[in-house]
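For reference, the structure discussed in these notes is given below.
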Amino acid sequence: MPSPSESRRAKQSRRAGEFPPAPEPLAVPVFDSHTHLDLTVQEAGVPGEGTGDPVEALITAAAKSGVDRLVQVGVDVDSSRWGADLADRHHAVLATVALHPNDAPRLSDLDGALREIEALAARPRVRGIGETGLDTFRTGDEGRAAQEESFRAHIAIAKRYGKALIIHDRDAHDDVLRVLDSEGAPDTVVLHCFSGDAEFAAECVRRGYYLSFAGTVTFASAGKLREAAALTPPAQMLVETDAPYLTPTPYRGRPNASYLIPLTVRTLAETQNADLDELCAAISANGDRIFGGW
Ligand SMILES: [Zn+2]
């Protein structure tokens with residue numbers, strides 16, 4: 001087996017050329033509310049002729065597009081710690097920490113892993129708990145109980161430390177609301193990669209949650225999602241990549257990164273019939289409210 005750095009270099013040279021070209025930069029900067037820099041480098045390398053630190057190159061590419069801040073999202077203990085360390089040394093990065101809902105059922109020591117997440121949650125540049133939640137798409141019945149137990153534990157951590165809760169909800173809208181209601185939701189709730197219809201969006205808006213839209217909102221088939229975006233007030237809207245996944249149209253199938261946020265936020269402005277600059281300013285203000293500023 002090659003070392004991690006060797007396999008990373010191999011993947012980089014294989015796929016680096018597949019990153020889409022940079023879009024026209026935003027005039028008013030915005031932030032990426034949900035990205036995985038570590039997974040992007042592991043799976044796709046860096047855009048352009050990356051020399052030097054690949055994570056730095058991704059952050060720099062984003063800033064050139066007007067995406068001058070980002071939230072690095074953890075999916076397990078290691079990636080959560082990595083993100084917290086990165087946020088400590090990088091002014092443009094804040095971190096969130098969690099065990100991904102698809103992994104929680106597979107852990108031999110869920111309680112031990114949750115204790116490590118809780119320790120990371122106390123760190124000052126960790127501003128959110130996530131991504132956590134429910135995923136009935138990739139987790140069968142046998143894993144559901146552990147997944148829900150993990151979700152409940154993450155909700156409790158978010159409340160204990162006064163951090164935003166970042167929810168992964170895949171085919172589980174009603175169950176997500178049920179668990180939030182039974183635990184009592186934290187003050188700040190973000191539905192990452194919002195995937196519901198107008199009715200579910202209206203319910204989330206009514207509850208004061210934030211809806212974070214990913215590249216999926218640009219897909220031709222996503223009429224229902226654009227209806228949901230259309231009724232989301234700018235004061236409760238976020239934009240994200242979930243990079244390296246969910247690359248916006250017209251670059252589906254190629255790796256995603258924060259510098260492509262302009263494609264998604266322009267679609268959001270169109271669905272809202274809103275001024276792009278004003279929407280970007282509103283989203284940044286939301287980020288300061290949710291995450292406490294960079
Ligand atoms: Zn994610």
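The values are calculated or read from the model by the stated rules, or taken from the named source; none is laboratory data. Source: prediction; values computed, not measured. Glycine also receives a Cβ, built like all others from the backbone with ideal geometry; neighbour counts cover every protein chain displayed. Note: accessible area is taken over every heavy atom of the protein model, side chains too, but ligands, DNA and RNA are not part of it. Shrake-Rupley method; radii C 1.70, N 1.55, O 1.52, S 1.80 Å.
From the residues in the range 246-265 that are out of contact with any Phe, Trp or Tyr (no Cβ under 9 Å at 6 or more places or on another chain) and free of Cβ contacts under 8 Å to residues at least 40 places away in the same chain, which one is farthest from Gly128 (Cα to Cα)?
This residue is Pro250.
Which condition does Ala281 not pass, out of (1) of a type in the set (A, V, I, L, M, F, W, C); (2) under 15 Å from the mean Cα position of the chain (by Cα); (3) open to solvent by 40 Å² or more (accessible area, probe 1.4 Å), if it passes all the others?
With respect to (1) of a type in the set (A, V, I, L, M, F, W, C); (2) under 15 Å from the mean Cα position of the chain (by Cα); (3) open to solvent by 40 Å² or more (accessible area, probe 1.4 Å), Ala281 is out only on (2).
Could you go through the range 198-210 and let me know if any residue there is closer than 11 Å to Leu268 by Cβ and of a type in the set (A, V, I, L, M).
no
So, in the range 190-205, of the ones that are within 16 Å of the ligand (Cβ to nearest atom) and open to solvent by less than 30 Å² (accessible area, probe 1.4 Å), which residue ends up farthest from Ala172 (Cα to Cα)?
Residue satisfying both the conditions and the ranking: Val190.
Thr267: touching a strand residue (DSSP E or B) at 6+ places or on another chain (Cβ under 9 Å), of a type in the set (Val, Ile, Thr) and farther than 22 Å from Arg69 by Cα, yes or no?
Taking the combined requirement at face value, the residue does not satisfy it.
Just to check your reading of the model, which residue among Ala44, Ala98, Ala16 is within 16 Å of the ligand (Cβ to nearest atom) and at pLDDT below 95?
Ala44
Please go through the range 104-157 and give me each residue that is in a helix (DSSP H, G or I) and either without any contact (Cβ under 8 Å) to a residue 12 or more places away in the chain or open to solvent by 60 Å² or more (accessible area, probe 1.4 Å) (or both), ordered by number.
Arg106, Asp111, Gly112, Arg115, Glu116, Ala119, Asp141, Glu142, Arg144, Ala145, Glu149, Arg152
Suppose the filter is under 18 Å from Pro29 (Cα atoms), more than 16 Å from the ligand (Cβ to nearest atom), touching a residue at least 60 places away in the same chain (Cβ under 8 Å) and small (Gly, Ala, Ser); does Ala63 pass it?
Spelling it out, it is not the case that Ala63 is under 18 Å from Pro29 (Cα atoms), more than 16 Å from the ligand (Cβ to nearest atom), touching a residue at least 60 places away in the same chain (Cβ under 8 Å) and small (Gly, Ala, Ser).
Output the residue which, of all residues in the range 56-67 that are surrounded by fewer than 19 Cβ atoms within 10 Å (Cβ to Cβ) and not small (Gly, Ala, Ser), is nearest to Arg115 (Cα to Cα).
Glu56
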